[in-house]
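The values are calculated or read from the model by the stated rules, or taken from the named source; none is laboratory data. Because the structure is a prediction, the values reported are computed rather than measured. Every residue, glycine as well, gets a Cβ built from its backbone with ideal geometry; the counts of neighbours run over all protein chains shown. Surface areas here come from the heavy atoms of the whole protein model, side chains and all, with no ligands, DNA or RNA. Shrake-Rupley method; radii C 1.70, N 1.55, O 1.52, S 1.80 Å.
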Amino acid sequence: MAQPRTRDKVTPSFYLKTFGCQMNKHDSDSVSQILLNEGYRQSQAIEDAQIILINTCAVRQKAEDKALTLIGRLAPLKQKNPDLITGVLGCVAQNQGVDLLRRFPHLDLVIGPRNVHHIDELISKMRKERNKISSLDLTNGIYLFPKYNGYLKGKVTCFVKIMEGCDNFCSYCIVPFVRGRETSLPATTIIERAHQLVREGVREITLIGQNVNSYNVKDKAGPSFAGLLRALDQISGLQRLRFTTSHPKDLSDELIDLFGGLKTLCPHIHLPVQSGSNAVLRRMNRGYTAEQYRTLIKKLRRTRPDIAISSDMIVGFPGETEKDFQDSLRLIEEVEFDNLFSFRYSDRRGTKATGLPDKVVEAEKQERLSLLQERQRQITLAKNEFLEGTVQTVLEEGPAKHGGEQRSGRTPGNKVVNYVSTTDLTGALVRIKVIKGFQNSLFGEFVGLASTDPQ
Ligand code: SAM
Ligand code: SF4
């Protein structure tokens, strides 16, 4: 452990840039909390920091390229200040390992996602030994929540990581290689953390993991995911529970039923489908068919008719024919997702899909993506316009992003709502009449406070 620094000693400041998904954001929050606990200061300006850390994403080539460009830009800063400490964290660090240290001689630290919670020790070691350090052990134990230090003060919503790694090996995906095998956090630790967050003012918790449906399935060391949700639902003061991501192959009837009865569980599910073609799903190693996926959607809507459903889709997977793509288009037309995150397939070195024949050319992938996204834009807009005139319960999160007198929050279905209000009701459930549905948000009128019952 690093020695706590006293006020009169110079406390180095760190700058942390994060790329990628909620897991990375969660990891970055942990890194910040650990360093703050150790007496470091957080800097908002890269030029002012004595330690620069970049938390990276390797899911697609574009994300990796962005991180590599930023790493390259650190060279002149290091030249100007040889005492500067530079570190790459996360999935690119794990994927490229010590090669990164060779390629970028100005880099000091390379730390994989399973080792970021040792950041303080690694920085201390590096400073003491004046040597470059890599920490890439994928079997390293699961992350533990850092001691609470007021870092989340004023926050109404919060992610809580309940699992690390993934065992699914979807053929296109780098995650199992960079985050290691699936490991579940003990339920007692999660519940204790949730209590702590609620005491600090958090009202909505989103449980995160690569496939939360398989929580504790492998280790059988505690409750199932449904059991965990039931336990968290008992926490007094917690208004809303969400989770992501759910793998369709592991979505149990027990979990679907909770959408019909659990008071805090919000009516929204992110259920990535990836393709509407059975041939492509098979080659992706997804473990379900398009028909089985449609059946899950029907069950979810039967249990909770107002449930909002979002998904992920990949276009241009190796061997994807025009007919396969039409199957994907047909699926999104039928299911009518509230929101869809869609991507061009990106080759990831080391994954099975890189070796598959019949790669789709980039121009074709782009054309398919544009078609899919255009159709989805219409569906999303229609869904949002459908809410016009309804009164929604919104958990107020604070001022709207674009400022003015507007405040902002989310509906139970996870749609952002902006509304004019001069009273700060952060953390309260308010009733908002939806005036206008836009592509990415709703605009509404403040009606009054909602009851304090969850959701
Ligand atoms: N664990 C989650 C799941 O099973 O859906 C999400 C993992 S991944 C970080 C998020 C999304 O990125 C995936 O759902 C998939 O659509 C997309 N993705 C992953 N690998 C990809 C690749 N090689 N090319 C394009 N998109 C990819
Ligand atoms: Fe990647 Fe599949 Fe695991 Fe999701 S479930 S992280 S897409 S391997």
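Here is how the numbers come out for the structure above:
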read-out	value
Full-extension gain in nm, R377 to K298, via 0.36 nm per residue minus C-alpha separation	26.2 nm
Cleavage-rule hits (GluC sites (Glu not before Pro)) in segment 386-441: DSSP loop, at most 16 neighbouring Cβ within 10 angstrom	E388, E405
Heavy-atom accessible surface of segment 338-455: percent carbon and sulfur, 1.4 Å	52
Residues of the chain: accessible area per residue with a 1.4 Å probe, Å²	44
In order through segment 161-178: 3J(HN,Hα) via Karplus (6.51 cos²θ - 1.76 cosθ + 1.60), integer Hz, x for Gly, Pro	6, 10, 8, 10, x, 7, 10, 7, 6, 4, 5, 9, 9, 8, 3, x, 7, 10
20 Å Cα-Cα reach of K125 towards lysines, excluding residues that sit fewer than 8 places from it in its own chain	K9, K78
Heavy-atom accessible area ranking, 1.4 Å probe, most first, across R368, R301	R301, R368
Loop chymotrypsin sites (Phe, Trp or Tyr not before Pro), segment 392-455, which have at most 14 other Cβ atoms in a 10 Å radius of their Cβ (DSSP)	F438
For segment 339-455, alpha-carbon Rg over 2.2 N^0.38 Å	1.46
Candidate aspartates and glutamates for bridging to K147, where Cα separation is under 17 Å - those fewer than 8 sequence places away on the same chain excluded	D27, D29, E38, D120, E121, E192, E200
For the chain, projected area of the alpha-carbon convex hull averaged over all directions, nm²	22.4
Computed [θ] at 222 nm, deg cm²/dmol, the chain (DSSP H ≥ 4; -39,500 (n - 2.57); rounded to nearest 500)	-10000 deg cm²/dmol
5 angstrom amide H check on D167, placed H, neighbours 5+ away	E182
Restraint check, K161/K249; K249/K401; K220/K415, Cα-Cα greater than 25 Å	K249/K401; K220/K415
Dipole magnitude of segment 235-347, debye to nearest 20 (Cβ charges: Lys/Arg +1, Asp/Glu -1, about Cα centre)	320
Positive-end residue of L109, Q96, N55, charge dipole of segment 38-163 with Cβ unit charges	N55
Rounded, prolate or oblate (a/c below 1.5 giving rounded, otherwise prolate when a/b exceeds b/c) for segment 213-275 by Cα gyration tensor	oblate
Reachable aspartates and glutamates from K365, criterion Cα separation under 17 angstrom, eight or more residues apart if same chain	D312, E320, E322, D324, D327, D347, E374
Neighbour net charge for D83 - beta-carbon separation under 11 angstrom, K R +1, D E -1	+3
Long-range amide H partners of T86 with built H, under 5 Å	I52, D108, L109
Check: segment 339-455 dipole with +1 on Lys, Arg Cβ and -1 on Asp, Glu Cβ, in debye	420
Accessible surface, 1.4 Å probe, highest first, among residues I191, I256	I191, I256
Apportionment of accessible area to carbon and sulfur, segment 50-197, percent (1.4 Å)	54
Segment 60-91 versus segment 164-180: alpha-carbon centroid distance in Å	24
